[in-house]
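Have a look at the structure below before the remarks.
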């Protein structure tokens with residue numbers, strides 16, 4: 001476990017540059033001095049069945065060729081293509097691996113023919129939650145996932161990632177009840193334990209292959225909170241704390257051998273980069289095609305890959321949506337790279353404009369301000385265990401939001417301010433140790449909500 | 001609406017202990033259980049829904065209120081059942097086949113329960129066969145389906161077709177919702193209604209059972 005952030009100063013905390021760059025695929029270097037587009041796409045409304053399989057293959061082929069052709073037209077020097085499988089493609093790994101092969105062959109062909117540096121990130125689903133309560137370490141879903149991990153390299157993946165869900169069965173209910181203590185239990189105890197188990201397997205599956213174990217995300221936790229807050233269902237200040245609380249849990253992947261980039265939807269990425277020094281992928285205004293967020297600009301401030309999250313293959317006025325996304329990403333990256341080419345000062349100015357344009361408008365954006373990320377990261381690292389780091393994250397997050405509110409650096413509506421006040425006691429009264437937290441939760445969480453043995457808790 | 005306003009306030013403020021104790025007190029005083037539900041509890045939940053719609057309440061406040069109501073209702077329901085009073089309606093609810101997203105579905109369940117409906121929650125990844133079985137076993141009035149993925153939306157259509165084939169479509173009204181769902185899609189697949197948020201579910205369900 002790190003005890004000091006890998007990023008040593010605010011000046012060194014920039015987009016396109018990470019302390020530990022990752023080289024992958026056909027000539028792609030992530031975090032080595034350029035911001036690189038990461039393009040993702042998905043099927044329109046079509047069932048993933050054997051009957052539709054020829055059409056599904058055709059759609060993926062059309063999408064990957066379209067985006068790579070446009071990358072060449074726009075003179076993009078390097079691109080990461082992400083294939084996030086749909087659940088049936090993980091449940092029948094042969095399906096997902098067949099699509100992986102199609103995408104990998106096309107990436108290789110474009111690299112050979114056009115000199116475009118390409119890498120394919122493959123992200124199978126965490127299907128364990130199909131069973132409730134989920135079996136995290138055994139059973140058919142786990143076995144299918146492992147088969148996918150093991151086959152990804154042979155099918156042509158360059159980066160392997162996942163959006164893992166350990167603890168989500170407890171977190172979902174905690175989110176809609178704005179129950180901070182249970183969120184800390186879900187992420188700091190269950191989630192962290194599952195990350196350790198899961199990432200050991202992913203790293204093992206990547207060993208002896210060229211596949212880079214890349215990263216994870218707290219999407220099922222903090223992005224669920226963000227979406228609920230966006231719809232006015234839960235307080236934004238609560239969602240901001242969930243984001244910060246998710247950091248130590250997501251860090252476990254890197255402590256277990258992941259090398260980055262973290263997943264695009266991991267908005268906790270700036271913390272991961274600051275602490276572990278890994279390159280990160282992020283999405284913001286570029287992913288409005290997939291979901292709204294209050295982080296459109298600030299998400300880009302220190303990213304290394306810039307992503308569109310995902311877009312369905314539907315026709316727009318100018319062309320198919322994945323191709324449109326490719327163009328948007330290409331221009332965003334071109335601007336960022338022009339700033340990097342100009343001077344460190346220019347890059348820092350762009351970074352700061354990206355941050356300041358969002359930071360005061362939403363607490364979830366505020367906690368991603370690069371200087372705030374470094375401040376919270378320092379405090380997280382004072383914890384000796386993932387659980388201790390989780391409660392330090394919660395307390396630092398609350399203190400910083402309260403300070404910003406008092407200084408009028410953050411605009412909060414009266415009801416948001418009311419909730420910020422209510423949460424003070426929740427963060428203060430968090431149990432100090434994992435053992436105390438587990439004891440407290442034993443009487444609060446229904447016995448059928450999760451299986452303790454699946455998290456190594458007996 | 002004066003005698004037991006403490007019950008109304010307790011539900012509105014999510015004070016489950018008080019809601020239960022006032023209910024005990026009212027029942028001991030001989031108050032008609034139906035009066036407690038219709039004149040105090042449901043109006044309190046309607047006010048909760050109104051405050052939520054007005055951006056005054058968040059969902060946690062709404063859920064606390066729903067739990068307070070459920071606690072009080074737990075004391076009243078046996079009396080209502082014994083006297084032959086039926087709930088507003090029975091709703092069979094689930095996230096469709098292939099889809100695991102259930103936060104929205106769970107909120108709809110809480111809202112409907114708070115609105116006086118009996119909810120049979122089938123969970124996630126629910127097959128058409130399971131919906132049909134529940135309609136038959138539970139004598140449901142409404143089927144509520146949720147989906148979050150564009151690729152699982154077709155499961156709604158498949159389910160409605162299966163309900164038709166099984167001959168149970170005419171027994172129930174169907175309401176659907178979820179991020180990618182639109183009114184047009186609901187009409188296209190033959191659903192009776194569509195909701196764009198959990199907060200609208202009670203109003204929709206009331207209209208459906210009244211129609």
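Tally time: how many residues in the stretch A:71-93 are touching a strand residue (DSSP E or B) at 6+ places or on another chain (Cβ under 9 Å) and more than 13 Å from chain B (Cβ to nearest Cβ)?
9
Can you tell me which residue within the stretch B:148-167, out of those that are farther than 30 Å from residue A:313 by Cα and surrounded by fewer than 18 Cβ atoms within 10 Å (Cβ to Cβ), is farthest from the other protein chains (Cβ to nearest Cβ)?
We begin by selecting, within the stretch B:148-167, every residue farther than 30 Å from residue A:313 by Cα; these are B:163-167.
With the extra rule that they be surrounded by fewer than 18 Cβ atoms within 10 Å (Cβ to Cβ), the set shrinks to B:164-167.
Details: B:164: 19, B:165: 18, B:166: 20, B:167: 24 Å.
Once the filter is applied, the top-ranked residue is B:167.
What's the number of the condition residue B:91 fails, among (1) farther than 30 Å from residue A:91 by Cβ; (2) buried (at least 23 other Cβ atoms within 10 Å of the Cβ)?
(1)
Is it true that some residue in the stretch A:153-162 is in a strand (DSSP E or B), in contact with a helix residue (DSSP H, G or I) (Cβ under 7 Å, 6 or more places away or on another chain) and away from chain B (no Cβ under 14 Å)?
Of the stretch A:153-162, the ones in a strand (DSSP E or B) are A:159-160.
Adding the requirement that they be in contact with a helix residue (DSSP H, G or I) (Cβ under 7 Å, 6 or more places away or on another chain) leaves A:160.
Keeping just the survivors that are away from chain B (no Cβ under 14 Å) gives A:160.
The answer is yes; a qualifying residue exists.
Which residue out of B:179, B:205 is not assigned by TED's automatic domain parsing to the domain that holds residue B:74 and not in a helix (DSSP H, G or I)?
Going through B:179, B:205 in turn, the sole match is B:179.
Looking at residue A:204, is it over 22 Å from residue A:31 (Cα atoms), without any contact (Cβ under 8 Å) to a residue 40 or more places away in the chain and surrounded by fewer than 24 Cβ atoms within 10 Å (Cβ to Cβ)?
Working: over 22 Å from residue A:31 (Cα atoms): yes; without any contact (Cβ under 8 Å) to a residue 40 or more places away in the chain: yes; surrounded by fewer than 24 Cβ atoms within 10 Å (Cβ to Cβ): yes.
Answer is yes for this residue.
Is there a residue being outside any helix (DSSP H, G or I), out of contact with any helix residue (DSSP H, G or I) (no Cβ under 6 Å at 6 or more places or on another chain), without any contact (Cβ under 8 Å) to a residue 24 or more places away in the chain and surrounded by fewer than 22 Cβ atoms within 10 Å (Cβ to Cβ) anywhere in the stretch A:325-337?
Filtering the stretch A:325-337 for residues outside any helix (DSSP H, G or I) gives none.
No, that holds for no residue.
Restricting attention to the stretch A:135-152, report how many residues are in contact (Cβ under 8 Å) with a residue 24 or more places away in the chain, out of contact with any strand residue (DSSP E or B) (no Cβ under 8 Å at 6 or more places or on another chain) and assigned to a helix (DSSP H, G or I).
8
Restricting the stretch A:295-307 to residues that are in a loop (DSSP other than H, G, I, E, B) and in contact with a strand residue (DSSP E or B) (Cβ under 6 Å, 6 or more places away or on another chain), which is nearest to residue A:37 (Cα to Cα)? Even if it seems obvious, please write down each step before you answer.
Narrowing the stretch A:295-307 to residues in a loop (DSSP other than H, G, I, E, B): A:295-297, A:301-304.
So of that shortlist, the ones also in contact with a strand residue (DSSP E or B) (Cβ under 6 Å, 6 or more places away or on another chain) come out as A:303-304.
Working: A:303: 10, A:304: 9 Å.
If we take residues in the stretch A:295-307 being in a loop (DSSP other than H, G, I, E, B) and in contact with a strand residue (DSSP E or B) (Cβ under 6 Å, 6 or more places away or on another chain), then A:304 is nearest to residue A:37 (Cα to Cα).
Read through the list (1) over 22 Å from the mean Cα position of the chain (by Cα); (2) part of a loop (DSSP other than H, G, I, E, B); (3) on the phi < 0 side of the Ramachandran plot, then give the number of the only condition that residue A:14 fails.
(1)
When the residues of the stretch B:48-59 are filtered to those that are buried (at least 21 other Cβ atoms within 10 Å of the Cβ) and part of a helix (DSSP H, G or I), which remaining residue is nearest to the other protein chains (Cβ to nearest Cβ)?
Residue satisfying both the conditions and the ranking: B:59.
Among A:266, A:229, which is within 14 Å of chain B (Cβ to nearest Cβ), at pLDDT 95 or above and either closer than 25 Å to residue A:398 by Cβ or out of contact with any helix residue (DSSP H, G or I) (no Cβ under 8 Å at 6 or more places or on another chain) (or both)?
Details: A:266 fails: within 14 Å of chain B (Cβ to nearest Cβ).
Only one candidate qualifies: A:229.
Here is a check on your reading of the model: is residue B:77 surrounded by fewer than 21 Cβ atoms within 10 Å (Cβ to Cβ), more than 14 Å from chain A (Cβ to nearest Cβ) and closer than 17 Å to residue B:23 by Cβ?
Numbers: surrounded by fewer than 21 Cβ atoms within 10 Å (Cβ to Cβ): yes; more than 14 Å from chain A (Cβ to nearest Cβ): yes; closer than 17 Å to residue B:23 by Cβ: yes.
Yes.
Of everything in the stretch A:107-134 that's away from chain B (no Cβ under 14 Å) and in a helix (DSSP H, G or I), which residue is nearest to the chain's Cα centre (by Cα)?
Going through the stretch A:107-134, the residues away from chain B (no Cβ under 14 Å) turn out to be A:107-124.
Subset that is in a helix (DSSP H, G or I): A:107-114.
Working: A:107: 23, A:108: 26, A:109: 29, A:110: 27, A:111: 27, A:112: 30, A:113: 32, A:114: 30 Å.
Result: A:107.
Counting only residues that are within 14 Å of chain A (Cβ to nearest Cβ) and either farther than 23 Å from residue B:181 by Cβ or part of a loop (DSSP other than H, G, I, E, B) (or both), how many does the stretch B:80-98 have?
Filtering the stretch B:80-98 down to residues within 14 Å of chain A (Cβ to nearest Cβ) leaves B:94-98.
From what's left, either farther than 23 Å from residue B:181 by Cβ or part of a loop (DSSP other than H, G, I, E, B) (or both): B:97-98.
Looking only at that region, the number is 2.
Looking at (1) within 16 Å of the chain's Cα centre (by Cα); (2) under 28 Å from residue B:149 (Cβ atoms); (3) in a loop (DSSP other than H, G, I, E, B), which one does residue B:101 not meet, given that it meets all the others?
Only one criterion in (1) within 16 Å of the chain's Cα centre (by Cα); (2) under 28 Å from residue B:149 (Cβ atoms); (3) in a loop (DSSP other than H, G, I, E, B) is unmet by residue B:101, namely (1).
Here are the criteria: (1) in contact (Cβ under 8 Å) with a residue 40 or more places away in the chain; (2) in a loop (DSSP other than H, G, I, E, B); (3) touching a helix residue (DSSP H, G or I) at 6+ places or on another chain (Cβ under 7 Å). Tell me which single one residue A:377 does not satisfy.
The single condition residue A:377 does not satisfy is (2).
The values are calculated or read from the model by the stated rules, or taken from the named source; none is laboratory data. Because the structure is predicted, anything quoted here is derived from the model rather than measured. For neighbour counting, all protein chains shown are included, and Cβ atoms are generated from backbone atoms with ideal geometry for every residue, glycine included.
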